[in-house]
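K.L.:
Provided herewith is a single structure, encoded as structure tokens, for subsequent inquiry.
Read-outs throughout are calculated quantities, based only on the coordinates presented, and are distinct from any laboratory measurement. Only a predicted model underlies this, so the values are computations on that prediction, with no experimental measurement involved. All Cβ positions, even for glycine, are placed from backbone atoms using ideal geometry, and neighbour counts span all protein chains on display.
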């Protein structure tokens, strides 16, 4: 891997790569002590584990969660970005986008952490993405303001982020009430005695829930950094990372065969073969607009057909993806992305029927397999940054979650209920590729158990947390937009 990178980099691109990777890992480091602190709050404040053991244990399970993650959330985050910046990620605008996203997310996370407010890294990143998209469309001469954003994906993601705290509050409250009805052990509902660990079975339960939340957090939140690192690598060293060069030869042979069958199907579609075929630039512009608007026209079908033929031409007669020249891999990835995402939209309608539909669906899956991959070293680097962050800066957020949400000390049952719900919610979101906020789910869960237990809530803290949650999106939209414009100005001046 090192030899491949060294052979692909110039001096300027090496500096960009190192700086971008440091920023991406810095984002995950801050994410570790900002978000993961929620996972250790309950075991620390119930004396189930001493702080030093709790943060090390949580950090290790965050590491495990990242390393074993599927990558679905990582590429779900990428799908929120402006289509033209994804397609041209190696351009100055692509680099400016990555820097703006990372710096704005780090700035807001550090600010809320300093004030001890458990805000959401997911909201932070999504706000930055919207800001970059808005500024990109404002600066573009070919799009109207707001067109540079995949609003459908954004709305799905924001809905998941808005629903998850409600789920945390309600489900944790109900779980606590259910436990009271079924488990009649007074020790479970008492505040911990000073410096004394709980009974072994309660302690085991709380350590299990801390483990589960830490693992789920790593498998979900850790993927956000992985997705951005992959964008960086694709933009700077596309010869190495634009395609999954490790795909086995039999899988490549199947892709070649499916591609050949698919272009024959596309050729038969009405409007797919106009008298004057689109140019490459026209086809890319048409498909980019289609991915933003979802409006199918004959021009869209012609563009899909043209781009699919371009992909098929590059795949013809190869046995391995390494057979494709280094300097052709970025363009092939861009074409694959446009065809794959366009087919995803077309397959939702009635464009294809029967066996044709099955073939096109198969092609989309195989194209995604060729491009949506995350090398083990990227997972390990993100996991290490997230784990170390957990071990370093946990205390400010832990104090807020453990002491300042409710008016009384957290009981064993409250801690276990909140973490069980958080673990299940984040795990489910990971399966469906949705980025949710560990902070929102767990903090809401703690508040829900306090409400259900009639323990009371500290109004000032709850108000400040809610204010931070409300401000996260607009502030990060502003930061993302401003930093994108500034980064684009600097990059274009330095590398003109």
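K.L.:
Just to confirm the number: angle between the C-alpha axis of helix 438-452 and the first principal axis of the chain, 0 to 90 degrees, nearest 10?
P.N.:
30
K.L.:
Can you give me the relative contact order of segment 303-384 as a percent, contacts being Cα pairs under 8 Å and 6 or more apart?
P.N.:
Working: 39 pairs, mean separation 23.2, N = 82.
Normalised by residue count, the contact order of segment 303-384 is 28 percent.
K.L.:
Between residue 264 and residue 277, what length in nm is gained on full extension when 0.36 nm per residue of separation is reduced by their alpha carbon distance?
P.N.:
Answer, rounded to one decimal: 3.1 nm.
K.L.:
Using only helices, what value at 222 nm comes out for the chain when you add -39,500 (n - 2.57) per DSSP H run of length 4 or more and divide by the total residues, to the nearest 500 deg cm²/dmol?
P.N.:
-25000 deg cm²/dmol
K.L.:
Calculate, in nm to one decimal, what residue 194 and residue 19 gain on full extension: separation in residues at 0.36 nm each, minus their alpha carbon distance.
P.N.:
Roughly 58.3 nm would be gained on extension.
K.L.:
Now for a separate question. For the chain, find the longest principal axis of its Cα atoms and tell me its angle to the long axis of helix 151-182, 0 to 90°, nearest 10.
P.N.:
30
K.L.:
Still on this structure: Any chance you could run the full-extension gain for residue 318 through residue 174? It's 0.36 nm times the residue separation minus the Cα-Cα distance, nm to one decimal.
P.N.:
46.1 nm is the gain from fully extending residue 318 to residue 174.
K.L.:
I would also like to ask the following. Once the Cα atoms of helix 121-139 and of the chain are each reduced to a long axis, what angle between those two axes, in degrees from 0 to 90 to the nearest 10, is obtained?
P.N.:
Here the helix axis deviates by roughly 30 degrees.
K.L.:
For segment 202-216 and segment 345-376, what is the separation of their Cα centres, given in Å?
P.N.:
38
K.L.:
Of the listed peptides 311-324, 441-454, 65-78, 190-203, what is their order by residue-averaged count of other C-beta atoms within 10 Å, with the highest listed first?
P.N.:
Output ranking for 311-324, 441-454, 65-78, 190-203: 441-454, 65-78, 311-324, 190-203.
K.L.:
Quantify how much of the Cα-Cα distance distribution of segment 255-332 extends past 16 Å, in percent.
P.N.:
Counting every Cα pair in segment 255-332, those more than 16 Å apart make up 54 percent.
K.L.:
Evaluated at 37 °C with a viscosity of 0.692 mPa s, what Stokes-Einstein diffusion coefficient in µm²/s does the chain have when Rh comes from the Kirkwood expression over alpha-carbon pairs?
P.N.:
After rounding, the answer is 138 µm²/s.
K.L.:
How high is the relative contact order of segment 245-371, in percent, with contacts defined as C-alpha pairs under 8 Å that are six or more residues apart? Could the numbers behind the result be given before it?
P.N.:
Values: 137 pairs, mean separation 41.7, N = 127.
Normalised by residue count, the contact order of segment 245-371 is 33 percent.
K.L.:
Sorting check: for 176-182, 263-269, which peptide has the highest mean count of neighbouring beta carbons within 10 Å, and how do the rest follow?
P.N.:
263-269, 176-182
K.L.:
Give me Rg over Rh for segment 319-371, both radii from the alpha carbons and Rh done the Kirkwood way, two decimal places. Working shown, then result.
P.N.:
Details: Rg = 12.8 Å, Rh = 12.0 Å.
Using Cα coordinates only, the ratio equals 1.06.
K.L.:
At R0 = 25 Å, how high is the FRET efficiency between residue 114 and residue 154 if r is their beta carbon distance? Nearest 0.05 is fine.
P.N.:
My answer for the efficiency is 0.35.
K.L.:
May I ask you to derive the relative contact order of the chain, considering only C-alpha pairs under 8 Å and at least 6 residues apart, and to give it as an integer percent?
P.N.:
After rounding, I find 36 percent.
K.L.:
Compute the Cα gyration tensor for segment 146-293, then decide on rounded, prolate or oblate, letting a ≥ b ≥ c be the square roots of its eigenvalues: rounded whenever a/c is under 1.5, prolate when a/b is larger than b/c in the other cases, and oblate in all that remain.
P.N.:
prolate
K.L.:
Taking neighbour Cβ counts within 10 Å as the exposure measure, how do 57, 151 sort from fewest upward?
P.N.:
Details: 57 20, 151 16.
Ranked by crowding around the Cβ, least crowded first: 151, 57.
K.L.:
Same structure, new question: Any idea what Rg and Dmax come out to for segment 275-390 if you just take the C-alpha atoms, in Å?
P.N.:
17.1, 60
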